[in-house]
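Participant: What follows is a structure written as structure tokens; I'll ask about it next.
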Amino acid sequence: MIKIIPQNNIKEDFTIEEKSNKTYKLNIEKNVIEGKCEGIEAIKQTIYCILNTERFEYLIYSWDYGIEIKNLIGEQSTYVIPELERVIKEALMQDDRIEDIKEFTFNKTSKNEITVIFKVITSIGDIIIKKEVNINGELR
């Protein structure tokens, strides 16, 4: 048997360019798109969109996109709090700009609401995120 070993003729005269993360800027309060944003603002917007989209509910998104909050509705806060940390990490780590999510703090603000604050470590800086979760079924 004869083995043919290819010669390495790859030229190394190329440059790797990072894609821009410029995107349309959402104005949540006015419910309109206003210009464009990039950098940390674009990542914040991505986090907002991921955390406000229920996973598996919309055919337009891949099964990797969104968060699984629906199964937490009606559960006790002792179950919801550790699960909330898990589903937030699982949802956000799908974005390759996000390196880690840590420093979770939870505050039960009422019988049905939990406020969660956490730090998102990204490739271009850290972001503090605050979300309110209504155990009756709303993520705000």
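The values are calculated or read from the model by the stated rules, or taken from the named source; none is laboratory data. No experiment lies behind these values; they were computed from the predicted model shown. With ideal geometry, Cβ positions are generated from the backbone for all residues, glycine too; neighbour counts draw on all protein chains shown. The area values use the complete protein model at the heavy-atom level, side chains included, leaving out ligands, DNA and RNA. Shrake-Rupley method; radii C 1.70, N 1.55, O 1.52, S 1.80 Å.
Participant: Applying the selection to the stretch 69-101, what residues are in contact with a helix residue (DSSP H, G or I) (Cβ under 7 Å, 6 or more places away or on another chain) and of a type in the set (D, E, K, R)?
Facilitator: GLU83, ASP95, ARG97
Participant: Only one of these is more than 27 Å from ASN21 (Cβ to Cβ), among the hydrophobic types (A, V, I, L, M, F, W, C) and at pLDDT below 95: ILE73, ILE60, ILE124, ILE69. Name it.
Facilitator: Selected residue: ILE73, the only one of ILE73, ILE60, ILE124, ILE69 that is more than 27 Å from ASN21 (Cβ to Cβ), among the hydrophobic types (A, V, I, L, M, F, W, C) and at pLDDT below 95.
Participant: Could I ask something else about it? Counting only residues that are in contact with a strand residue (DSSP E or B) (Cβ under 8 Å, 6 or more places away or on another chain) and of a type in the set (Asp, Glu), which one in the stretch 91-118 is modelled with the lowest pLDDT? Quick ask: steps written out before the conclusion?
Facilitator: Step one: filter the stretch 91-118 for residues in contact with a strand residue (DSSP E or B) (Cβ under 8 Å, 6 or more places away or on another chain), giving 91-93, 97-109, 112-118.
Next, from what is left, pick out any that are of a type in the set (Asp, Glu): 99-100, 103, 113.
Values: GLU99: 96, ASP100: 97, GLU103: 96, GLU113: 88.
My answer is GLU113.
Participant: Residues that are in contact with a helix residue (DSSP H, G or I) (Cβ under 7 Å, 6 or more places away or on another chain), modelled with pLDDT of 90 or more and surrounded by 12 or more Cβ atoms within 10 Å (Cβ to Cβ): does the stretch 4-22 have at least one?
Facilitator: No: zero hits.
Participant: What's the total number of residues in the stretch 23-36 that are out of contact with any helix residue (DSSP H, G or I) (no Cβ under 9 Å at 6 or more places or on another chain) and open to solvent by less than 60 Å² (accessible area, probe 1.4 Å)?
Facilitator: Looking only at that region, the number is 2.
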